Every structure is written in C-alpha cells, then in structure tokens.
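Single-structure report; data block below.
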Amino acid sequence: MNLYKLFQLQHDLDKRILEEHKLHGESLFSKKILALQVEISELANETRCFKFWSNKGPSPKEKILEEYVDCLHFILSIGLDKNYSDINVNCKNETTELTKKFLNLYIDINDFVVCSSRDNYKTLFEDFLCVGSDLGFTFKEIESAYYDKNAVNHIRQDSGY
C-alpha cells in the first residue's frame with residue numbers, strides 16, 4: 001500500500017475542506033476522533049460480527065470495504081494533524097475474534113487521545129489494517145477503494161455537501 005500517496009490525497013482533501021468551510025485555526029482533533037469512532041461503529045455494524053441474536057449475514061463485501069475506507073480517511077487525517085505521515089505500518093495478525101479486534105480499536109483510539117504519541121498512532125493504524133485483513137481485504141483493494149471514495153468526497157465538496 002502506498003501510504004505516501006494516501007496521505008497526500010488526504011492532505012489535499014483536508015486542505016480543501018478547511019478552506020471551503022473556513023475552518024483555519026479551529027482544532028478538529030476531537031471531532032475527527034469522534035468521527036473515527038462513529039465510522040468504526042458503522043463498519044462493525046455492516047460486518048454484523050457482534051450480532052449474536054441474528055442469523056442475518058454480513059453486508060456485501062463492497063459495502064463493508066466502503067465503510068472501511070471511510071475509517072481510513074479519518075485515520076490518515078488524524079495522522080496528518082499530528083505530523084505522523086512518515087510512519088511504516090505492518091499488520092501483525094493475531095487469531096483474535098473480530099468483535100474483540102473492534103473493541104481493541106476503541107482502546108487504541110482512547111490511548112491515542114490520552115497520549116497522542118507516534119507509537120500509539122502506529123498501533124491504532126496497524127490494528128486497523130489487521131481488521132481489514134480479517135475482513136479479507138488486500139492492500140490493493142483498500143488502496144483502490146480509498147481512491148474511489150476520495151474522488152467521491154471531492155465531488156461531494158463540489159456540490160456543497
């Protein structure tokens with residue numbers, strides 16, 4: 001996955017949003033953190049991994065991937081805000097059930113809010129990539145879906161979203 005390119009595309013989108021919504025000088029950290037938590041929840045909801053009371057299966061892979069890259073947009077944006085765009089990340093896949101991995105992402109986010117260190121950001125990013133791997137996504141699929149959604153986000157800005 002070309003993280004340099006993803007961070008650059010996210011930088012361009014973030015810059016556009018800041019300018020068009022006149023947000024210069026406003027701290028968006030808390031809003032981005034909450035947005036990431038909401039997006040992770042939407043992703044978990046589409047996987048249905050925690051819905052022990054239901055026999056209905058997960059949403060189609062394309063829908064889950066779309067929700068996954070929504071999360072990725074905020075992870076990248078937060079990394080840019082903290083100047084952590086030069087990190088190297090690897091998925092250290094463990095055989096933990098998906099529900100626990102989602103819960104771990106919330107712990108990672110909390111740890112990052114308490115201490116916004118490079119190490120805590122890297123842990124969050126790596127754990128997020130492991131969730132993507134567990135969902136069956138390749139880095140190529142994630143990158144391609146990110147490009148598509150980034151283009152959609154620019155179109156949304158064009159239309160006053």
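Brief remarks follow.
- Between 41, 59, the distinction of being among the hydroxyl-bearing types (Ser, Thr, Tyr), modelled with pLDDT of 95 or more and in contact with a helix residue (DSSP H, G or I) (Cβ under 6 Å, 6 or more places away or on another chain) belongs to 59 only.
- Among the residues of this structure, residue 18 does not count as one that is out of contact with any Gly (no Cβ under 7 Å at 6 or more places or on another chain), among the aliphatic types (A, V, I, L, M) and under 18 Å from residue 107 (Cβ atoms).
- Near pairs, Cβ below 6 angstrom, 6+ apart or cross-chain, from region 84-110 (more than 17 Å from residue 135 (Cβ to Cβ)) to any residue that is among the small types (Gly, Ala, Ser): 85/79
- Residue within region 143-157 that is in a helix (DSSP H, G or I), closer than 18 Å to residue 14 by Cα, free of Cβ contacts under 8 Å to residues at least 60 places away in the same chain and β-branched (Val, Ile, Thr) present: yes
- For residue 43, the test of being farther than 25 Å from residue 148 by Cβ and not basic (Lys, Arg) is failed.
- Which listed residue is of a type outside the set (D, E, K, R), at pLDDT 95 or above and surrounded by 14 or more Cβ atoms within 10 Å (Cβ to Cβ), from 131, 89, 114: 131
The values are calculated or read from the model by the stated rules, or taken from the named source; none is laboratory data. It should be emphasised that the depicted structure is a prediction, and the values quoted were computed from it without experimental measurement. Note: ideal-geometry Cβ built from the backbone for every residue, glycine included; neighbour counts use all protein chains shown.
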